[in-house]
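The structure under discussion appears below in the form of C-alpha cells.
The values are calculated or read from the model by the stated rules, or taken from the named source; none is laboratory data. Owing to the predicted nature of the structure, the values given are computational and were not obtained by experimental measurement. FYI the Cβ positions are ideal-geometry reconstructions off the backbone, even for glycines, and counts take in every protein chain you see. The area values use the complete protein model at the heavy-atom level, side chains included, leaving out ligands, DNA and RNA. Shrake-Rupley method; radii C 1.70, N 1.55, O 1.52, S 1.80 Å.
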Amino acid sequence: MRKILLKRILQKISLSLLWCIILQFGVLTVNAASKTHIFTRAIPAKKQARGPYITGKVTDIAGKPLIDVVVQVKGKPATTQTDLDGAFNITAQAGDILTFSVASYQTQEVKVGDKDDLKITLLEVKNAPSTTFNTLYTPQKKSLSTGAIAEVRTEDLTKTTATRISGTYAGRIAGLYATQSSGEPNGDDYALSLRGQTPLILLDGVPQSFSSINPEQIESVTVMKDAVSTAMMGVRASNGVINITTKKGVEGAQRISFTAFTGIQTPLNLPKFLNAYDYASLYNEALANDGKPAAYTQADLDAYKTGSDPVGHPDVDWLNQILKKNSPYSRYDLSISGGRKVARYFVNLDYLNQQGLLKTADFNTYNTGNDYKRYTFRTNVDIDLSNAVNAYLNVFTRIQNLDQPGNSPSNIFASFRSTPNNAYPVLNADGSLGGNRDYVNNIYGQSVYSGYKPQYFRDFRVDMGMKGKLDQITKGLWVSGRASINAYLMETITRTKAFAVFQQTNTSGVASYQQFANAGTMSNTIDVNSQNTRFYTELSTGYSRKFGNHEVSALLLGSIDDVQDGSQLPSDLQGISGKASYNFKEKYMVDVAFGYNGSQAYPKNNRYGFFPAIGLGWNIKKEDFLKDNTKWLNVLKLRASYGKTGNNNAGYFEYNKYYTTGTGYNFGETVTTVGGVQEGGINNANITWEKALKFNVGFDASMFNNTLSVSADYFIDNYYDLLQTIGDNNQILGNTFPRVNLGKERYSGVEFQITYNNHIGSFNYAISPNISTLQSKVVFQDEVQRKYSWMLRTGQPVDQAFGYIADGLFQSTQQINSSALPVGITPQPGDIKYRDLNGDGVIDDNDITAIGGTKPLIYYGANLAANYKGFDISALFQGVTNRTVYLSGNSYWEFQGGGKEQAYQNNLNRWTPATAATATYPRVSIGRNLNNQQFSSYWYKPANYVRLKSIELGYSLPVSLIKRLSLSGARIFVNGYNLFTATSLDGLDPESFSGGYPIQKIISAGVNIKL
Amino acid sequence: MAFVFFGCKKYQQDGPLENLTEDLVFDPSDKNGYYAEQYVNNLYSSLPTGFNRINGDFLDAATDDAIPSRDGTDIESVGLGRISSVINNPDGFWNAGYTTIRKVNVFLKKIDVVPVAAKIPSWKAESRFLRAMAYFELLKRYGGIPLVGDAVFSDTDNLDLKRSSFAACVDYIVNECDAIKTLVKQEPIASQDWGKASRGAVLALKSRVLLYAASPLYNGGVATAATPAQKEVMGYPTYDAERWNKAAQAALELINLPGKPYSLPAPATKTFSAIFLDRKNTEIILDYLRDVNYDIEYNNGPIGFSNQAVGLGRTSPTQDLVDAFPMLSGAAINATGSGYSAQAPYTNRDPRLGFTVLANDVTWLNRKLEMFEGGQDKPNKGGRVQTKTGYYMRKFMGNFTTATSYANGPRNFIIFRYAEIMLNYAEAQNEYLATPSADIYQVLRDLRARAQITVGTVNRYGIKDVMTKDEMRTAIKNERRIELAFEEQRFWDLRRWKDAEQVLNKTLSGMNIIKNANSTFTFSVVPAAQVRFIAPKMYLYPIPFAETSKNINLVQNYGW
C-alpha cells in the first residue's frame, strides 16, 4: 500500500516537473529580456532639462493616487506614465490637450491652461459589460459562441441573501430550475436542475462545488447547457456544466470594499398542528369511524378545552416551546484588490453568522442552538513573469462551524411530526421532564437536555498555473499547465447524553412519578465523518491567430482528476480533450470539440469514451443584405450545436462481483456468535457510461440600440444507455439484478432570456425575464408486460408517478356497493373512490395510470432593476407552473404511527356526514388507512408558485459627500429574501412542505463602503 | 501528452482488495474453509423465526388467539382480510424464499473446491435442509411454486418458470428430507453443534409437510370453481386418506428415533414455561438461536411499569383463547361440574393458562397486575397503547414474578418441538383410523400430564374415556391451540383445516374488569375486535402482482 502511494506521489511530482520544464523553456526562449520587468517598478519620466513641462497628479475620486496612468499629449509624440504617487510630468504647452488613460477608468482629456500643477480625478468604469464567457478552460467571445451559454455576474449575485451560492443565481437563468426545500443552517442548499439534469459544478475550471461561499469572491457564474459547450468534459458532460469563476485583481489603485449587513430570519409556513382538544375529539371520531371505542371521555375533552389539568391533560404548543420566532443573520465581507501591470491581487475575507431557530437554555454552559458560522478567505494573485509568461496562485480556505443540540434539528422536527400536543407536559409539577411509555423522547429534553454535537468543516484549496506564449515558434501558440489541490475534512464532536422522562400520576392526591429511560453522563467522542482530497492536474496547448478574414483557434488538453474520498480507492478520471474554432469575418463560425476520457469505474477493456460535438454560428447582421437597411437591429446570430456527451454513472467498482458480510448465527448450547458471508448483488461486468445525443438551436439578437436583447434556444437531448434494471427482474433469480445500459429518455424544451434596459432622463431601468419549458419522455425502458395501454411507462414523462385516479369521496353505502373497490378493502362513506379503468369491478394494479400531472414544467424568473440619482432598486421574481407535489405521511395525514403521531388543521376538513358536500379530506382514521392511503391522484396537489425571491433598495451617497469622507463609494441598503409567495398549495410552502426545517424569509439592512 | 496520461494507469486498481471475491470465499487453498463456514452460518440466518415478527406484532395477532394492541398496524390489516396481490403483504415470503434457495444452490455448486472434505457432506446436507425449509415456507403460503432444483441462475437467463404442482413440491421436500436425514448431524448433538440441522429437524420438517399435505385444504380441498391449472398448484385435485397415514408414519419415525433423543421433559424439573427458556432441552428439536435478550418482555410486557421494566404491551390475548384452556382438572370450562366461576375466571385453571397470558391480579415484577379499568396496566389514557382485552401475553417470557426489572435470557424461537410432533401424530392417526386408537388418547394425556393438570380418575387428565373420531378431532385441535399458542401454528392450522372461514369471521372478546370499592373485581366479557376472513381466496396468499406481471407463466391463486 505504501509502495503504491509512493509511486503515485513520484508520478505526480514528475508530471509537475514536466510542465515546469516546458514552461521554463517557454519563459527562457520566449523573451529572456522581458524577465527584467519582473517586480520592477515603472520609472517616472525623467524631468526634461529643456522646454516647459507640465506636472500634476492623477487620483481616483477618493483621492488615492493612480499608478501607471498613460499620459499623452494629443497629436504629439510625448508620452509618460504616472509614478507611485500618481505624479507625472510631461512636456506640453498651454493649449495642448492631455489624455489620461488606464484600465478600468474612464479616459479623460484635459486642456493645458495656465496652471502647472494639474489635479486630475479619473472615474471608474461602471459595470463594464463583459464580452466573453468563462467557458471551459478558455474564455470565449460571446459574439462568436455557437453553444447555449448563459451567465450571471457578481453584481446580480450579491442581490440575493442566500448562504448558498446556488441560491444567488436561482431564477436568473433560463433552463436552470432551482428549489430549496430546507432552511436549516448548513442544510439549506438548493437542488439544481439544468434541462432536467443535475449539473456538474466547476470552480475555476476544476470540478468542485463549494456550495456555501460568498458571492463577493465570484466574478461570474457561467451555465453551459448544450453539447458543444460541454463536450470537453467528456464522460461527465451530459448533465451540463456550471462554471464558477472567482475574481482576479485588476490593475489600478488599491480598492477596498467592505460590506456589512444584518437581518432577521423568519420561518415560512410552520406546520399547523391541532390543539389538544381538537386532536382528542378528532381521535375519538377516527376511532368511531374504525368501529372502535372512544379513547377520550367527555371529562378528558373538557379538561383539554379548559386547560384545567396541564399535567394530566396537557396541550403543548411544541413549536412555541422549542423554536424562536426568528433568528439573526449577518455577514461581513472585505475585499481588497489592485495591482500593477506585473502583479495583481484580489483578497477576500468573509464572515457569516446564521443562527438557527432552536431555543437554548440558560442552565447549559454550552450552545444547544443550531447556529452556523462560516469564515472564508481567498487570495488570488496573478503575476506576469515576462511579457510571455503569466502565472497565478489562488488560495482558498473555508472554515464552517455548526452548533447543534445532541439531537439534530432534523430529529427535533421529526419529533414535532410524531408528537401530539396532548402527548405529555413539557415539565411535570416537580420540574422533571414529562413523558410516558409511548413518548420517551421529550422534545424539550431533545433540544436542551441531550448535550451538544458541534460539527467542524474545513476546506483548503490551492490553484496554481502558468501560461506561456510561444510566439517565437509560431505566432499565437501557447502552452499552459495548472494544478489544483483541495483537502476537505468534516468532524463531529459528540457530547451527547441521555435523559429520563417521568409520567406523573396522582394517586389519592399524592403525585407519584413513573420513570422511563435513564439519564446518562455526557459522552465525548470525536469522529471524522468525511474527508477527501482532490488533486487535479492539467496541461494544455493552444493556438489562436487571425489571418485576414479568417480566424482560427485550437486547444488540446490533458487532465487527471484524482479524488480520494474517505477510505475508498482513489478515483482517477483522466483523458484528453480539445476544441477547434474557426470563423470567417466573425460572420460564419464553426466550433468542434471533443472529450476522450474515463476512469476505473469501468471494466478494464473499455474505460475510455470519445465524445465529439460540433457547433455552427451565423451572424446574419454582418451580411450585406442586412447591414444597412436594418438599422434597428444590432446583432442577429443564429447558432446550432449537436454532439454526444457522457454521464459517469457507474458505481464504485460496480462491474466486479463481491461477497459481502451477511447476518451470522448463534450456534451452540452456550451462545457462540459466528459471522456470516453472502453473495453480493449480481454484477454487470460490461457496465459502461450513459450517453446522450444533444441538439440545440437558438439565436441571440440585440436591437434598438442594444436596449433589447433576446436569446432563445430549443433543445432535444436524447439520453441512451441509461443504467436501469431489466423489466423482467423476476425474484426467482434469488438476488438483486444489476443495472444495465438500456434506458432511453428524451428531454426537450424552449428557453427565452430577454433583457430590456433604457432610461427616462436619469431614471434608468431594466427588466430581464426568462422562461423555460421542460418536457421529458421515456423512449425506452425494459417494460414488463402491461395488460392495458394506460399502464405503460414508455411514452410518459421521466419519473412519472403512477397510481389510481381518485374520483372524489364515497358519499353513501349505496354508492360503495355499486362501485369497484380495492381488493380486500371495504370502504366507508367518506373514503376515496377510485376509478376502475378496465371496468372489471375491482380496483387493482390494472387500474394504475399516470397521475400527478404529465404536462411539461414551465419555470420562469424576472429581474427588475431601476435607479434614479442615488437610489437603486432591484427585484427578482421566480416561479414555476405545471408542478404538482405528493402530500403524504406524518406531515399531512392524521394519527400515523399506529395512532401515536400528530394531526393537522387540514385534517379538520375531513368528510363527515354533515360536511359531506364541502369536505376536502377523507374521513379520518387511526394509523394506516389502506383504502385512502393508496398512492393516488387525491394526494397530488398543484404546487405552482411565484416568489419574490429577493428585493433590494439602496441609496448611494453623492460623490460630493463621499469625497469629503475620503471614500470612493458608500451605499446603504435594505434587502428582503423570500418576502412574498403566491402559491396554489393551500397552507403549505410550495418548496418545503414535508414538515422539515422550514425555509426562511430574511429581511436585512446593511452598508457598503468603498475606499 | 497521451503518453503522460496513460502512463498513470499503473496505479489504478481494479477493485478494493478488502472486498471478498468468490475465489476467496470458495478457496481451493483454504484448508480450514474459513469463509465457506461463514457462508453456511449465513444460510442458517434464513431459518424462519417468530415472536414480534410482523412489524412488531405476532403473526398470531391475526388469529382468534390475540389482537394487536396498536391501531392501524400491518397485522391488523391481515386480521381484517385487507391483503391483496397489490398491497404489500407483511408476511410475504416470495423474495426471501428464492433468496435462500439461490444461496444454497450457489453453495452446492461451489463448495467442492474447498479442501475440507470431512465437513462438506454434512454442510451440503444441512444446506439442503435449509432449502427444503424455504420451499415449505413458500408452499404453505402460496401453494405450489416453481422448483428450481440445483440451478444457479444468471440475470440473463429466462426466469419465466411455471409453478410446479403442489404434489411435486411436497414430493421434492419429502425426498430431500429422506435423502439427507442420515447425512445431517445425528443425535446426540455435540454441544457446539446445537442449532444445526439434525436428523430430528429433518424428520420434523417431513412430518409437518406431510401433515399439511394431508389436511383438508390441500387434500382435494381446492375450490371447485378453480381452473385445472390452479387446482394442480393449489393442492391435490382429489382426496386420498393414505396421505394421513404417511403423515402419521412420518411423525412416528421421529418419535421412534433410536435412543429416543426427544421427549417431554418431566414437569417436576421443567415446567411448561421453562421449556422455552432453554437453548436446548429434550423437547426442542430445532430453534432459531439468538443471543440473550429480553425483547419479548419489552415488546409485550404490561405497560404499567417504568424504566428497565417497561413493556410496550403490543399483544392482547383474547378471551376466546383464555376460554380454550380447561380447568386444572382438565375439564372444559363449560363442562358440567367444571367448577368454573365467571367472577373468579382464573382460579383452578390449566397451569398453561398462567404461562400463556398475564391476567389481572397476577403478581408480576413484584406487584399485582392491574388490568381493571383505570388500573396501572390499563389506565385508559386516551390514545396510549394498552391491552384491548384485559390480558397481556406471557408465553416465552422469563419468570419475572418477584424481580423488579427484566433481564437478559435465552429467547429462542422454537421451530419444531416434540409436543408438535406428538400432536401431528395424533391428528394424522385419528384422521386415518375409523375410531381413535389408544395411542392417540395417550398423546393428549402425556401433554396434560406435563402441563400439570391433575391426574383425576384413572389417569384421564380430564380426557373423555371414549370419543368418536369427530370428538377426538375437536379435542386435538383444542389441545394444539393451547399447547402451541403464539408459536405461529394456529394461523396456518386454521387455514389447512379450512376452519378459518368460520373461526376467523367473528367478533373477538376481551375481559372488562371493574375494581370494586371493597377491592374485589367484577368481570364481564365484552367485544374487543373484529376478525375477518374471505373464503376461499384467503386460504392461500396471492402471488405478488409484480411477479405475475413479470412472469406470464405464473398462475395466480384462485380468487385473487
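Residues in segment B:512-533: is at least one within 14 Å of another protein chain (Cβ to nearest Cβ), touching a residue at least 24 places away in the same chain (Cβ under 8 Å) and in a loop (DSSP other than H, G, I, E, B)? Yes, segment B:512-533 contains at least one residue that is within 14 Å of another protein chain (Cβ to nearest Cβ), touching a residue at least 24 places away in the same chain (Cβ under 8 Å) and in a loop (DSSP other than H, G, I, E, B).
The residue that is nearest to B:TYR539 (Cα to Cα), among those in segment A:806-830 that are within 14 Å of another protein chain (Cβ to nearest Cβ) and open to solvent by 20 Å² or more (accessible area, probe 1.4 Å), is A:VAL823. If only residues of segment A:621-638 that are surrounded by fewer than 17 Cβ atoms within 10 Å (Cβ to Cβ) and within 39 Å of the chain's Cα centre (by Cα) are counted, the one that is nearest to A:ALA237 (Cα to Cα) is A:LEU638. B:PHE166 meets the conditions (1) more than 21 Å from B:MET234 (Cβ to Cβ); (2) open to solvent by less than 10 Å² (accessible area, probe 1.4 Å) in every case but one. The failed one is (1). Across segment A:241-262, the qualifying residues are those that are in contact with a Pro (Cβ under 8 Å, 6 or more places away or on another chain) and modelled with pLDDT of 95 or more, and the one among them that is farthest from A:LYS694 (Cα to Cα) is A:THR262.
Summed over segment A:384-417, residues that are farther than 22 Å from A:ASN486 by Cβ and of a type outside the set (S, T, N, Q) total 13.
Quick check, is B:THR63 within 11 Å of chain A (Cβ to nearest Cβ) and among the hydroxyl-bearing types (Ser, Thr, Tyr)? Considered against the rule, which asks whether it is within 11 Å of chain A (Cβ to nearest Cβ) and among the hydroxyl-bearing types (Ser, Thr, Tyr), B:THR63 comes out as no.
Against the test of being open to solvent by 30 Å² or more (accessible area, probe 1.4 Å), free of Cβ contacts under 8 Å to residues at least 40 places away in the same chain and under 21 Å from A:GLU991 (Cβ atoms), the options A:LYS833, A:LYS855 yield a single qualifying residue, A:LYS855. Scan segment A:257-304 for residues that are open to solvent by less than 60 Å² (accessible area, probe 1.4 Å), aromatic (Phe, Trp, Tyr) and part of a helix (DSSP H, G or I) and the total you get is 3. Tallying residues that are more than 8 Å from chain B (Cβ to nearest Cβ), assigned to a loop (DSSP other than H, G, I, E, B) and open to solvent by less than 50 Å² (accessible area, probe 1.4 Å) within segment A:895-929 yields 10. Taking segment B:11-47 on its own, how many of its residues are in a loop (DSSP other than H, G, I, E, B) and within 7 Å of chain A (Cβ to nearest Cβ)? Going through segment B:11-47 one residue at a time, the tally reaches 8. Identification of strands (runs of 3 or more DSSP E) wholly contained in segment A:487-587 with 2 or more residues that are over 30 Å from A:VAL448 (Cα atoms) yields A:525-547, A:550-565, A:571-584.
Considering A:ASP721, A:ASP717, the condition of being open to solvent by 10 Å² or more (accessible area, probe 1.4 Å) and not basic (Lys, Arg) is satisfied by A:ASP721 alone. Here is the figure for segment A:572-593: residues that are under 20 Å from A:ARG236 (Cβ atoms) and open to solvent by less than 50 Å² (accessible area, probe 1.4 Å) total 10. Of the strands (runs of 3 or more DSSP E) lying entirely inside segment A:74-183, those carrying at least 3 residues that are buried (at least 17 other Cβ atoms within 10 Å of the Cβ) and at pLDDT 90 or above are A:149-153, A:176-180.
Here B:ARG82 passes the criteria (1) within 9 Å of chain A (Cβ to nearest Cβ); (2) modelled with pLDDT of 95 or more except the one numbered (2). Of all residues in segment A:753-775, those satisfying the criterion of being more than 19 Å from A:LEU708 (Cα to Cα) and either modelled with pLDDT under 95 or not hydroxyl-bearing (Ser, Thr, Tyr) (or both) are A:LEU774, A:GLN775. Listed by first and then second residue, the pairs with beta-carbon distance under 8 Å, at least 6 apart or on different chains, first residue in segment B:209-224 and touching a residue at least 60 places away in the same chain (Cβ under 8 Å), second buried (at least 24 other Cβ atoms within 10 Å of the Cβ) and of a type in the set (S, T, N, Q), are B:LEU211/B:ASN424. For segment B:286-329, a residue qualifies if it is within 14 Å of chain A (Cβ to nearest Cβ), closer than 23 Å to B:TYR346 by Cα and assigned to a loop (DSSP other than H, G, I, E, B), and the qualifying residues are B:GLY301, B:PRO302, B:ILE303, B:GLY304, B:PHE305, B:GLY311, B:GLY313, B:ARG314.
The set of residues from segment B:351-397 being within 14 Å of chain A (Cβ to nearest Cβ), part of a strand (DSSP E or B) and open to solvent by 40 Å² or more (accessible area, probe 1.4 Å) comprises just one member, B:ARG367. Considering the conditions (1) touching a strand residue (DSSP E or B) at 6+ places or on another chain (Cβ under 9 Å); (2) within 14 Å of chain B (Cβ to nearest Cβ); (3) assigned to a loop (DSSP other than H, G, I, E, B); (4) not β-branched (Val, Ile, Thr), A:SER480 is excluded by exactly one of them, (3). Of the residues in segment A:317-324, at least one is away from chain B (no Cβ under 12 Å), under 30 Å from B:THR387 (Cα atoms) and of a type in the set (A, V, I, L, M, F, W, C).
Among A:SER702, A:SER711, which is the only one that is over 26 Å from A:VAL235 (Cα atoms), open to solvent by less than 30 Å² (accessible area, probe 1.4 Å) and away from chain B (no Cβ under 14 Å)? Break it down stepwise before answering.
On the way: A:SER711 fails: open to solvent by less than 30 Å² (accessible area, probe 1.4 Å).
Among A:SER702, A:SER711, only A:SER702 is over 26 Å from A:VAL235 (Cα atoms), open to solvent by less than 30 Å² (accessible area, probe 1.4 Å) and away from chain B (no Cβ under 14 Å).
Going by the conditions given, is B:THR454 among the polar types (S, T, N, Q) and under 30 Å from B:GLY304 (Cα atoms)? No: the conditions fail for B:THR454. Within segment A:505-559, being touching a helix residue (DSSP H, G or I) at 6+ places or on another chain (Cβ under 7 Å) and without any contact (Cβ under 8 Å) to a residue 40 or more places away in the chain holds for A:GLN515, A:ASN518, A:GLY558.
Checking each residue in segment B:275-310 for being open to solvent by less than 40 Å² (accessible area, probe 1.4 Å), under 18 Å from A:GLU669 (Cα atoms) and free of Cβ contacts under 8 Å to residues at least 40 places away in the same chain picks out only B:ASN281. Candidates in segment A:518-566 are the residues that are at the interface with chain B (Cβ under 9 Å from one of its Cβ atoms) and open to solvent by 40 Å² or more (accessible area, probe 1.4 Å); of these, the one that is farthest from A:ALA231 (Cα to Cα) is A:ASN518.
Among the residues of segment A:158-180, those identified as of a type outside the set (Val, Ile, Thr) and over 12 Å from the mean Cα position of the chain (by Cα) are A:LYS159, A:ARG172, A:ALA174, A:GLY175.
Residues checked against (1) within 34 Å of the chain's Cα centre (by Cα); (2) farther than 30 Å from A:LEU427 by Cβ:
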residue: A:GLY468; (1), (2): no, yes
residue: A:GLY481; (1), (2): yes, yes
residue: A:ILE485; (1), (2): yes, yes
residue: A:VAL501; (1), (2): no, no
residue: A:THR521; (1), (2): no, no
residue: A:ASP527; (1), (2): yes, yes
residue: A:THR537; (1), (2): yes, yes
